[in-house]
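Report on the following structure.
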Number of protein chains: 2
Amino acid sequence: MSIKRVIVVAGGTVASRFLQEHIQEEDILIGADHGVVALLEAGFIPHIAIGDFDTTGKENMEAWKSLGIEIIPLSIMKDVTDSHAALEHALTYIPEEVHIYGAFGGARMDHTLANIGLLEWLNNHDVKGIMQDETNRVQFIKGPAKVTLTKSEYHYISVLPVSKYLEKVTTYGLVYPLQEKDVCRGETLGISNEISDRTAMITIENGVGLIIESKDR
Amino acid sequence: MSIKRVIVVAGGTVASRFLQEHIQEEDILIGADHGVVALLEAGFIPHIAIGDFDTTGKENMEAWKSLGIEIIPLSIMKDVTDSHAALEHALTYIPEEVHIYGAFGGARMDHTLANIGLLEWLNNHDVKGIMQDETNRVQFIKGPAKVTLTKSEYHYISVLPVSKYLEKVTTYGLVYPLQEKDVCRGETLGISNEISDRTAMITIENGVGLIIESKDR
């Protein structure tokens with residue numbers, strides 16, 4: 001039987017309340033680096049703790065082990081980030097979806113952008129990834145594809161090319177409709193649309209990109 | 001005579017102290033949306049205020065005009081973001097460089113990512129763009145290219161592909177050297193390197209990407 005959801009909590013800022021609202025009892029929980037602390041502070045015991053623990057300190061590890069957490073230590077000299085290693089481990093559960101929290105709360109843009117890049121890495125491994133915080137829900141899209149969105153608190157909808165073009169983007173149920181429009185990377189045409197109906201749909205014919213649902217703080 | 005630097009202050013969070021440390025007397029100052037307020041709060045009178053001013057309120061405009069600020073109002077129904085319109089205007093000065101502040105301080109990832117995408121748009125218009133805040137300095141790179149970096153407070157160096165591959169990346173003066181290495185988008189190999197010497201150099205043969213200098217907060 002495959003696991004439905006693996007939750008990876010990365011090292012960025014993530015509120016305990018957000019974790020409490022989004023984690024379900026049957027989820028597999030992986031903490032990457034400081035994400036272990038975020039999970040524990042929110043009242044969850046992660047199944048796996050993975051990282052070089054350069055920021056959390058190695059002295060916590062014995063306590064974590066006594067809680068039954070499996071610790072996967074990484075060398076600080078590694079070729080992948082803690083988040084990336086956590087996703088590699090997440091795939092061993094053969095999940096339907098991987099949800100990633102704490103991926104863009106930090107101040108460092110290299111971490112944030114590399115984390116968002118991991119959504120494509122997951123897609124290359126045929127796993128759906130969702131990266132989410134209190135103001136954003138981000139997913140990767142690869143054409144030809146169709147994404148259905150339900151009206152939610154994240155009411156802005158942005159379509160952002162990762163490849164040079166997203167070809168023939170068509171939207172249904174958005175305030176500013178696009179009709180077979182090629183959206184070019186570096187342009188800002190696809191930013192800050194809004195859902196007008198209860199559900200919206202975005203289709204793209206070719207290219208890869210991000211669908212970002214967001215709200216003002 | 002061409003203008004050396006245009007500064008665009010976008011609508012994200014930006015500290016007054018940061019603006020005071022980075023703005024020079026001869027700079028042309030453009031405030032995009034809430035960036036106008038950030039400039040004024042830091043003691044600078046922008047030359048241009050551009051935006052739909054949906055967040056700052058239109059009632060400020062008369063006061064701004066009396067300060068000699070040229071106001072370029074945008075429709076809320078526009079095809080580009082305020083930041084994008086500000087950069088379009090920046091190009092009319094034929095600047096050598098455009099520095100963009102307040103581009104990734106906000107909570108909304110669509111704004112942050114679209115702003116970073118504008119570095120490529122500037123590059124397509126043959127203008128060097130630098131996007132910076134207190135923890136990050138981001139520039140766009142298009143191969144074949146060579147970037148020289150000077151050791152600074154932003155001591156982490158990350159090389160992030162935007163195209164599917166950055167081909168034959170070679171680094172000099174970094175702690176974890178790369179030698180004609182193809183870096184694949186979605187992998188995290190190029191993240192969190194560090195300058196070992198006083199200066200470092202990164203060369204890439206083909207592809208487009210970002211060079212991010214950063215520091216922990």
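The values are calculated or read from the model by the stated rules, or taken from the named source; none is laboratory data. Note that the coordinates shown come from a computational prediction; the quantities given were computed from them, not determined experimentally. Glycine gets a Cβ as well: all are built from the backbone with ideal geometry, and neighbour counts include every protein chain shown.
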Inside segment A:190-212, the number of residues satisfying the requirement of being over 22 Å from residue A:124 (Cα atoms) and within 23 Å of the chain's Cα centre (by Cα) is 9
Has segment B:129-144 got at least one residue that is more than 28 Å from residue B:84 (Cα to Cα), in contact with an Asp or Glu (Cβ under 9 Å, 6 or more places away or on another chain), of a type in the set (Gly, Ala, Ser) and outside any strand (DSSP E or B)? no
Failed condition for residue A:197, given (1) more than 8 Å from chain B (Cβ to nearest Cβ); (2) in a loop (DSSP other than H, G, I, E, B); (3) closer than 25 Å to residue B:119 by Cβ; (4) among the acidic types (Asp, Glu), with all others met? (3)
Checked segment A:175-194 for anything more than 13 Å from chain B (Cβ to nearest Cβ) and assigned to a strand (DSSP E or B); matches are A:182
Confirm whether residue A:159 is facing chain B (nearest Cβ under 10 Å), out of contact with any helix residue (DSSP H, G or I) (no Cβ under 8 Å at 6 or more places or on another chain) and modelled with pLDDT of 95 or more. yes
Would you mind stating whether residue A:210 is crowded, with 22+ Cβ neighbours inside 10 Å, in the same structural domain as residue A:91 (by TED's automatic domain parsing), not in a loop (DSSP other than H, G, I, E, B) and not acidic (Asp, Glu)? no
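For segment B:153-192, how many residues are farther than 17 Å from residue B:205 by Cβ and buried (at least 17 other Cβ atoms within 10 Å of the Cβ)?
So in segment B:153-192, the residues farther than 17 Å from residue B:205 by Cβ come out as B:153-158, B:173-176, B:186-188, B:191-192.
If we keep only those that are buried (at least 17 other Cβ atoms within 10 Å of the Cβ) as well, we get B:154, B:156-158, B:173-174, B:186-188, B:191-192.
Residues meeting the conditions: 11.
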Members of segment B:43-92 found to be exposed (fewer than 15 other Cβ atoms within 10 Å of the Cβ) and touching a residue at least 40 places away in the same chain (Cβ under 8 Å), listed by number: B:55
I want to confirm something. Restricting to segment A:13-39 and keeping residues that are within 15 Å of the chain's Cα centre (by Cα) and crowded, with 24+ Cβ neighbours inside 10 Å, which single residue is farthest from residue A:92 (Cα to Cα)? A:14
For residue A:81, which of the numbered conditions (1) of a type in the set (Ser, Thr, Tyr); (2) more than 10 Å from chain B (Cβ to nearest Cβ); (3) touching a His at 6+ places or on another chain (Cβ under 8 Å) fails to hold? (2)
Would you check if residue A:116 is within 24 Å of residue B:113 (Cα to Cα), under 18 Å from the mean Cα position of the chain (by Cα) and part of a strand (DSSP E or B)? no
